[in-house]
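These notes are about the structure you will find just below.
The values are calculated or read from the model by the stated rules, or taken from the named source; none is laboratory data. This structure is a prediction, so every number in the text was calculated from the model and none was measured. Here the Cβ positions follow ideal geometry from the backbone for every residue, glycine too, while neighbour counts run over all protein chains shown. Note: areas computed on protein heavy atoms with side chains; ligands, DNA, RNA excluded. Shrake-Rupley method; radii C 1.70, N 1.55, O 1.52, S 1.80 Å.
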Amino acid sequence: EGEARITPAFRLPHCKQVVHVVGPQWPGSGEDIRGAYLACLEAALTAPTPISSLAVPAISSGVKQWPRDMSWAAAVEVLGQHFLEAEARRADPSTSYRGL
């Protein structure tokens, strides 16, 4: 759980790579679902081939039965925090910035 891997997208239209992450089973903790989103984001940011955009589904909201609203809330929290921090790094000339 929570580990992410990147594979080629093969014949999927409009994308070059796919980030796979195993999300937690419901019921679980908010930390578990946030960890899955964080693993996805970290994999994208450290990909050998730069990723310029990222589409993220509601992790674990299918067969793992995580409530969609809770999964999306975790996504907004994790990704929102990343973008706030990234904006601060972009504004600071003393830092290097790579990422989404």
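Numbers below:
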| read-out | value |
| --- | --- |
| Relative contact order %, the chain, counting alpha carbon pairs below 8 Å whose residues are six or more apart | 25 |
| In the stretch 4-82, trypsin sites (Lys or Arg not before Pro) in a DSSP loop with at most 13 other beta-carbon atoms within 10 Å | Arg11, Lys16 |
| Charge dipole (debye, nearest 20) of the chain; +1 at Cβ of Lys and Arg, -1 at Cβ of Asp and Glu | 460 |
| Tilt relative to the chain, helix 30-45 - C-alpha long axis, 0 to 90 degrees, to 10 | 40 |
| Coil-residue chymotrypsin sites (Phe, Trp or Tyr not before Pro) of the stretch 25-100, DSSP, other Cβ within 10 Å capped at 14 | Tyr97 |
| Spin-label pair Asp69/Val18, simplified geometry with 7 Å Cα→Cβ offset, distance in nm | 3.1 |
| Mean ellipticity per residue at 222 nm, deg cm²/dmol - from DSSP H runs of n ≥ 4 across the chain, formula -39500 (n - 2.57) | -14000 deg cm²/dmol |
| Crossing angle, helix 68-91 versus the chain [Cα axis fit, 0-90 degrees, rounded to tens] | 10 |
| Accessible area expressed per residue, the chain, with surrounding protein chains retained (probe 1.4 Å, Å²) | 67 |
| Residues of the stretch 48-64 with amide N under 20 Å of a point placed 7 Å along Cα→Cβ from Glu31 | 60 |
| Accessible carbon and sulfur surface of the chain relative to its total accessible area, %, 1.4 Å | 58 |
| Estimated FRET transfer efficiency when R0 is 25 angstrom, pair Ala55-Glu3 (beta carbons, to 0.05) | 0.80 |
